[in-house]
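Engineer: If you scroll down you'll find the structure; I have some questions about it.
Read-outs throughout are calculated quantities, based only on the coordinates presented, and are distinct from any laboratory measurement. Please read all numbers here as calculations on a predicted model, not as lab measurements. Neighbour counts run over all protein chains shown; Cβ positions are idealised from the backbone, glycine included.
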Amino acid sequence: MITKDKIIEALQTVTDPEVNLDIWTMGLIYNLEIKDDNIKILMTYTTPFCPWGPQLNEDIESTLKNAGAKKVDIEVTFDPPYKMPDELRAMLGV
């Protein structure tokens, strides 16, 4: 059975190509739901026009399936719009 910790660990290996940081640390993942090894993700991109969006979704799905997920559903939202987490801002010095 896949756990939330295992999902988070896997998501920390998926990087945003523009920023070269993992999507979990960037705060792109808003919510995770797990039911019978099926994963539902609510996430955002840094911008609605993100050219890497489809690639990120593919990377997320393949990474989570390799970690043991049977099915991965990804919903992208821009409500609320992306805002860099305070911890990340401090880490980057912005």
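Engineer: Dipole magnitude of the chain about its Cα centre, charges +1 at Lys/Arg Cβ and -1 at Asp/Glu Cβ only, in debye to the nearest 20?
Structural biologist: Numbers: 9 positive and 16 negative charges, 29 e Å.
For the chain, the charge dipole is close to 140 debye.
Engineer: Can you tell me which lysines have their Cα less than 16 Å from the Cα of Lys65? Leave out same-chain residues fewer than eight positions away.
Structural biologist: Those lysines meeting the cut-off are Lys4, Lys6, Lys35, Lys40.
Engineer: Need one number: nm distance between label points at Glu58 and Lys83, each 7 Å from Cα along Cα→Cβ, rounded to one decimal.
Structural biologist: Result for the modelled spin labels: 3.3 nm.
Engineer: Let me check I have the definition right: for the chain, take the eigenvalues of the Cα gyration tensor, multiply each by 5, take square roots. What are those semi-axes in whole Å, largest first?
Structural biologist: So the three semi-axes of the chain are 22, 14, 12 Å.
Engineer: Taking other Cβ within 10 Å of each residue's Cβ, how do Tyr82, Tyr30 sort, fewest first? Write down the numbers at each step before the final one.
Structural biologist: Values: Tyr82 18, Tyr30 15.
Neighbour counts put them in this order, fewest first: Tyr30, Tyr82.
Engineer: Give me the extension gain from Thr13 to Asn31: residue separation times 0.36 nm, minus the current Cα-Cα distance, reported in nm with one decimal.
Structural biologist: Length difference between fully extended and current span is 4.7 nm.
Engineer: Would you mind checking which residues have amide H under 5 Å from Tyr30's amide H? H placed 1.01 Å from N; only 5 or more apart, or other chain.
Structural biologist: Close amide H contacts, sequence-distant or interchain: Leu42, Met43, Thr44.
Engineer: On to the next question. In sequence order, what are the phi-derived ³J(HN,Hα) couplings for segment 5-15 according to the Karplus relation 6.51 cos²θ - 1.76 cosθ + 1.60 with θ = phi - 60°, rounded to whole Hz, with x for glycine and proline?
Structural biologist: 4, 5, 5, 4, 4, 5, 5, 6, 9, 8, 9
Engineer: Moving on. In the chain, what percentage of the DSSP-assigned beta bridges are antiparallel, given to the nearest 5? The partial results should precede the final answer.
Structural biologist: Values: 8 of 14 bridges.
Of the beta bridges lying entirely in the chain, close to 55 percent run antiparallel.
Engineer: Hey, another quick one. Could you give each residue of segment 16-25 its phi-based ³J(HN,Hα) in whole Hz, using Karplus coefficients 6.51, -1.76, 1.60 with θ = phi - 60°, and x for Gly or Pro?
Structural biologist: Per-residue couplings from phi come out as 7, x, 6, 9, 6, 10, 6, 5, 5, 4 Hz.
Engineer: Quick one: 3J(HN,Hα) in Hz for segment 61-72, Karplus 6.51/-1.76/1.60 with θ = phi - 60°, rounded, Gly and Pro as x.
Structural biologist: 4, 5, 5, 6, 5, 5, 7, x, 6, 7, 9, 10
Engineer: Then there's this: Which whole-number percentage describes the relative contact order of segment 23-94, with Cα contacts under 8 Å and a sequence gap of 6 or more?
Structural biologist: Across segment 23-94, relative contact order equals 38 percent.
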